[in-house]
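See structure below.
The values are calculated or read from the model by the stated rules, or taken from the named source; none is laboratory data. Please read all numbers here as calculations on a predicted model, not as lab measurements. All Cβ positions, even for glycine, are placed from backbone atoms using ideal geometry, and neighbour counts span all protein chains on display.
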Amino acid sequence: MGILDKLSSWFNTSPSQSSEKVQTFPPSRTALGTSAEMGSIADVKKLLAKGVDVNEKEDKGRTALMWAAFKGHADIVKELLVHGAEVNAKDNYDYTALKFVDLYTHGETVKILKDAGAVE
């Protein structure tokens, strides 16, 4: 059972609906953001194939790219960028994906973001 299936069963929601928010703690997250944070490349690919907005933001303004970067999931960062993730998007606190990576020193992910045009 993938992350999307678990989230769907926990919250009685359909993972195929792109605008649905999944209630988690702390703030509500998108299914894509949760999958990106958890490192589930299979679920990220499923959601993107269904047309989920790659740049959708959760309550604190964070995107799936920010969550993937925060956790150092380089494969997911690449996948999101290929699908048009905004590399310099800012959350409600002016943090970008690159800022999250810098906080946790995920070297490969820093290179991927900078190669994609991320600015400090």
Inset, instruction - Out of D75, D43, report the one residue that is among the acidic types (D, E) and either under 19 Å from L113 (Cα atoms) or part of a loop (DSSP other than H, G, I, E, B) (or both). - result: D75
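The rows are residues; the columns are (1) modelled with pLDDT of 95 or more; (2) crowded, with 16+ Cβ neighbours inside 10 Å; (3) under 23 Å from K111 (Cα atoms).
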| residue | (1), (2), (3) |
| --- | --- |
| D5 | no, no, no |
| S8 | no, yes, no |
| S28 | no, no, no |
| A31 | no, yes, no |
| G39 | yes, yes, yes |
| D75 | yes, no, yes |
| A85 | yes, yes, yes |
| N88 | yes, no, yes |
Legend entry - In the stretch 90-114, residue surrounded by the most Cβ atoms within 10 Å (Cβ to Cβ) [restricted to those that are more than 19 Å from I41 (Cβ to Cβ) and acidic (D, E)]: D91
Inset, instruction - For the stretch 101-120, name all the residues that are assigned to a helix (DSSP H, G or I) and either small (G, A, S) or in contact with an Asp or Glu (Cβ under 9 Å, 6 or more places away or on another chain) (or both). - result: D102, G107, V110, K114
Inset, instruction - Evaluate the following for V52: is it over 15 Å from T30 (Cα atoms), buried (at least 21 other Cβ atoms within 10 Å of the Cβ) and touching a helix residue (DSSP H, G or I) at 6+ places or on another chain (Cβ under 6 Å)? - result: no
